[in-house]
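*Asks:* Okay, handing you the structure first.
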Amino acid sequence: MHNPAQNADLIRRSLFSVWHPCSQMKQYESFPLIPLERGKGAWLYDFEGNRYLDAVSSWWVNLFGHCNPKINAAIRDQLERLEHAMLAGFTHEPVIKLSERLREIAPSSLGHCFYGSDGASATEIALKMSAHYWRNMGHSDKTQFISLKNSYHGETLGALSVTDVALFRDAYGALISQQATVASPDARLADPGESGEDYAARCAQMLEEHLARHHRSIAAFIVEPLVQGAAGMAMHHPSYLTLARQICDRYEVHLIADEIAVGMGRTGTMFACEQGKISPDFLLLSKGITGGYLPLSIVMTKDDIYQAFYDDSTARGFLHSHSYTGNPLACRAALATLDIFRQDDVLNANRRKAEYLNRISEPLREMPMVRNWRNTGMIWAFEVAPSRDRFAQRCFQLGLQHELLLRPMGNTVYFMPPYVVDEEEMRLLVERTSAVMERLA
Ligand SMILES: *Cc1c(COP(=O)(O)O)cnc(C)c1O
């Protein structure tokens, strides 16, 4: 609906009273906000009659399109039954069914689901649960964590302590008990002539050396399996996960798989860990779990961890809670999302879509400024060289002019489209991105 006056009014009011996330507010003077009117499928629509292909799934959350009829119907149905109730002392069918379904499909032995509100809260829960487990087991000295270089696990203070992105972390250094990092198996960092797999083995060796020295004080190793998202879609060989699992077992350190971004089919398998043929001690889910509709996160864990808390003593229990823990509307959205995976054979359909996009992207990846073209499942990324001043912002702006929502990280451009993207939309994505690259050259 073309309504420029309403558009200007919404921008003015938003800047007056809404403090936007991940933003230097002053930059909205030169790069205006875009009020959205509606969404449908892979598209977002503004008030000026423009549309934008949501090539980043609205911050990696949307799986089956905006205003998906099946998810809408499930939420509507739940809304008429029970919108929310506390989960301590009470339970409800959506949270039970969701836990049962996840238990069926997750890597083996992850039978217990603990609920949080968003990704960062899942990280907090896993860190606390891991350290508390060791304490209950008589190892109260195991209180440290390790993560990969350039890792991202959320931005609350506990999650920031295992996050290695300077821009998000440095201002809060004094508030955080910063944890050690080990080398990232990011295949771009392999030596010339060294395969991604060999480099992954070399990084696993460094992990082993670190644990050999420090395991007595380490509770857990947290990792984003296969793709480190906020590091700039850094991809690694699945054998790293296999080796990391063996090493963590050898040194009695938990393995936390943060699948907040990479879970739910994003890497080609339902869970990224499947590609390393491993089962972590904690599996974190959020983002796509509700199809991108409502905040919800889940920490799945094993029976021996659960049993370490099961006791007559209240203090040995895991007393963590959030007001909206296990919200029924969010659980119904998640159940509808899992139904779509099953009914539409989504993983196989995605495999064909990924092959198609890889085929048609040949001219884009051959462009002289495109480096490190890579793909895992439904994630594609490349760097643009030489890197230019304010590349990310200029690329974002030019993308919008070409009906694309691209949101580069530094000089890394990536595609992470909703799974409903069709061939015509993929062609548009690739062709328009090429046009944007031409303009930036
Ligand atoms: C997004 C993300 C988080 C944090 O999730 P929020 O819902 O933004 O708090 C944690 N880990 C990874 C890997 C993520 O991509």
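*Asks:* Out of Ser121, Ser151, Ser147, which single residue is under 19 Å from Val299 (Cβ atoms), within 14 Å of the ligand (Cβ to nearest atom), modelled with pLDDT of 95 or more and in a strand (DSSP E or B)?
*Replies:* Criteria check complete, one pass: Ser147.
*Asks:* Looking at Ala334 and the list (1) surrounded by fewer than 20 Cβ atoms within 10 Å (Cβ to Cβ); (2) under 22 Å from His92 (Cα atoms), which single condition is not satisfied?
*Replies:* (1)
*Asks:* Follow-up. From Gly173, Gly232, Gly193, grab the single residue that is more than 15 Å from the ligand (Cβ to nearest atom), part of a loop (DSSP other than H, G, I, E, B) and either assigned by TED's automatic domain parsing to the domain that holds Gly265 or in contact with a Pro (Cβ under 8 Å, 6 or more places away or on another chain) (or both).
*Replies:* Of Gly173, Gly232, Gly193, the one residue that is more than 15 Å from the ligand (Cβ to nearest atom), part of a loop (DSSP other than H, G, I, E, B) and either assigned by TED's automatic domain parsing to the domain that holds Gly265 or in contact with a Pro (Cβ under 8 Å, 6 or more places away or on another chain) (or both) is Gly193.
*Asks:* Another question, if that's okay. Go through segment 271-306 and report how many residues are within 14 Å of Phe114 (Cα to Cα) and of a type outside the set (A, V, I, L, M, F, W, C).
*Replies:* Number of matching residues: 7.
*Asks:* Here's a check for you: in segment 58-83, which residue that is touching a residue at least 12 places away in the same chain (Cβ under 8 Å) and charged (D, E, K, R) is surrounded by the most Cβ atoms within 10 Å (Cβ to Cβ)?
*Replies:* The selected residue is Lys70.
*Asks:* I've got another one for you. All but one of (1) within 15 Å of Val223 (Cα to Cα); (2) within 15 Å of the ligand (Cβ to nearest atom); (3) of a type in the set (D, E, K, R) hold for Asp281; state the number of the condition that does not hold.
*Replies:* (2)
*Asks:* Let me ask you something else. Which ones in segment 293-308 are under 13 Å from Leu329 (Cα atoms) and surrounded by fewer than 24 Cβ atoms within 10 Å (Cβ to Cβ)?
*Replies:* Across segment 293-308, the qualifying residues are Leu294, Pro295.
*Asks:* Out of curiosity, is Phe382 modelled with pLDDT of 95 or more, part of a helix (DSSP H, G or I) and outside the structural domain of Arg101 (by TED's automatic domain parsing)?
*Replies:* Taking the combined requirement at face value, the residue does not satisfy it.
*Asks:* Which number in (1) among the basic types (Lys, Arg); (2) touching a residue at least 40 places away in the same chain (Cβ under 8 Å); (3) touching a helix residue (DSSP H, G or I) at 6+ places or on another chain (Cβ under 7 Å) marks the one condition that Lys302 misses?
*Replies:* (3)
The values are calculated or read from the model by the stated rules, or taken from the named source; none is laboratory data. Quick caveat, the model's predicted, so the values are computed rather than measured. All Cβ positions, even for glycine, are placed from backbone atoms using ideal geometry, and neighbour counts span all protein chains on display.
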